[in-house]
Amino acid sequence: MPFALITGASKGIGKAIALSLAARGYDLLLIARSEDLLKEASIEISTGSGRLCHYLALDLSTDHAAELVHAWCTKNQFPVSVLVNNAGYGLSGSFEKYSAETHAEMLHLNIITLVMLTRRFLPDLKKQPASYILNIGSSAAYQAVPFLSAYAASKSFVLSFSRGLSQELRGTTVSVTCVCPGPTDTNFVNRANIGKKGQKAAARFNMSPETVAHIAVSSLFKRKTEVITGGMNKLSAFFAWLLPKSVVEGVAKKLYD
């Protein structure tokens with residue numbers, strides 16, 4: 001049976017998606033940076049589900065990461081029918097707080113690696129009777145977010161790219177789904193250095209990784225193009241569209257300043 005490949009699969013939403021796909025009978029290919037966490041996740045998932053679970057420890061923010069992942073799959077004859085581009089992170093605070101190199105590393109992971117993995121695996125996915133691409137966006141994709149400026153912009157790219165590619169692939173065996181979670185109970189706020197106000201606001205609407213994963217995987221197999229998780233996140237996206245941008249961005253600025 002073809003494999004499901006999940007990036008950022010050692011914890012959080014990525015691991016929860018891996019567990020959900022294993023429960024649906026998929027063998028797994030897990031990609032993340034931490035080999036120790038990947039090994040633990042692989043053993044946990046394979047023991048609990050009985051599915052094959054291979055892993056590759058790799059920093060996906062590097063230039064040739066997508067090439068290395070594809071070469072690993074080709075060498076080991078791992079056919080892929082589900083590609084989950086989940087790996088990503090944010091940087092919170094003033095744009096000038098971080099070096100140009102730090103911004104570039106985040107954008108490389110959130111955008112370039114996602115695009116490169118999609119391009120390298122697309123010919124393989126087209127060979128499958130039915131195949132799926134799942135890109136993890138963010139509710140931040142629907143507006144500019146001061147003090148999360150580059151991160152929010154990167155997720156806007158992911159959403160726009162996913163929607164465009166979904167239309168391109170109409171009539172093929174490949175579907176593209178972009179799931180945009182809001183606040184989720186993961187390590188994101190710590191990795192992004194979110195301040196106390198932002199953390200407090202997020203905590204009020206936190207969803208569990210398992211809930212997000214369930215919505216994501218269900219939407220994937222229903223071949224939905226775009227999904228926002230949670231009623232409040234859908235409402236926020238609606239108001240971001242409805243209200244003047246200066247108002248929406250001003251509110252966001254107060255949360256992350």
Cross-link candidates for residue 234: which lysines have Cα within less than 20 Å, leaving aside residues fewer than 8 places away along the same chain? 155, 200, 222, 224, 245, 253
What does the net charge come to around residue 177 if you take all other residues with beta carbon closer than 13 Å to its beta carbon, with K and R at +1 and D and E at -1? +3
Amide H contacts under 5 Å for residue 175, placed H, 5+ residues apart: 131, 132, 133
Can you tell me the length gained on complete extension of the stretch residue 76 to residue 52, counting 0.36 nm per residue apart and subtracting the Cα distance? 7.3 nm
Order by protection proxy (mean Cβ within 10 Å, highest first), peptides 143-149, 223-229, 126-132, 63-69: 143-149, 223-229, 63-69, 126-132
With a 10 Å radius around each residue's Cβ, average the other Cβ atoms per peptide and rank 244-255, 168-179, highest first. 168-179, 244-255
For n ≥ 4 DSSP H runs only, could you compute -39500 (n - 2.57) per run for the chain, divide by its residues and tell me the 222 nm figure to the nearest 500? -15500 deg cm²/dmol
May I ask you to derive the relative contact order of the chain, considering only C-alpha pairs under 8 Å and at least 6 residues apart, and to give it as an integer percent? 20 percent
Distance in nm between label sites at residue 235 and residue 97, each 7 Å beyond Cα in the beta-carbon direction? 2.8 nm
Suppose R0 equals 30 Å; then what is the FRET efficiency for residue 225 and residue 153 from their Cβ-Cβ distance, rounded to the nearest 0.05? 0.90
Potential lengthening between residue 210 and residue 126 on full extension [0.36 nm per residue; Cα-Cα distance subtracted]: 27.3 nm
Can you tell me the dipole magnitude for region 3-256 around its Cα centre, using point charges on the Cβ only (Lys, Arg +1; Asp, Glu -1), in Debye to the nearest 20? 780 debye
For the chain the translational diffusion coefficient, Stokes-Einstein from a Kirkwood Rh over Cα pairs at 20 °C and viscosity 1.002 mPa s, in µm²/s, is roughly 116 µm²/s
Roughly speaking, what is the centre-to-centre gap between region 8-53 and region 61-125 when only Cα atoms are used, to the nearest Å? 18 Å
How much FRET efficiency would the formula 1/(1 + (r/R0)^6) give for residue 168 and residue 36, where r is the Cβ-Cβ distance and R0 is 30 Å, rounded to 0.05? 0.15
Region 30-104, Rg to Rh (Cα coordinates; Rh as Kirkwood inverse mean 1/r): 1.07
Given a Förster radius of 35 Å and the C-beta distance between residue 243 and residue 104 as r, what FRET efficiency does 1/(1 + (r/R0)^6) yield to the nearest 0.05? 0.60
Taking the dipole of region 1-119 about the Cα centre (Lys, Arg +1; Asp, Glu -1; charges at Cβ), the one of 115, 28, 68 that reaches farthest to the positive side is 28
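A short reminder: the numbers here are calculations on the coordinates, not readings from a lab. In this text the structure is predicted, and so the values were computed from the model without any measurement. Here Cβ is always computed from backbone atoms with ideal geometry, including for glycine, and neighbour counts include all displayed protein chains.
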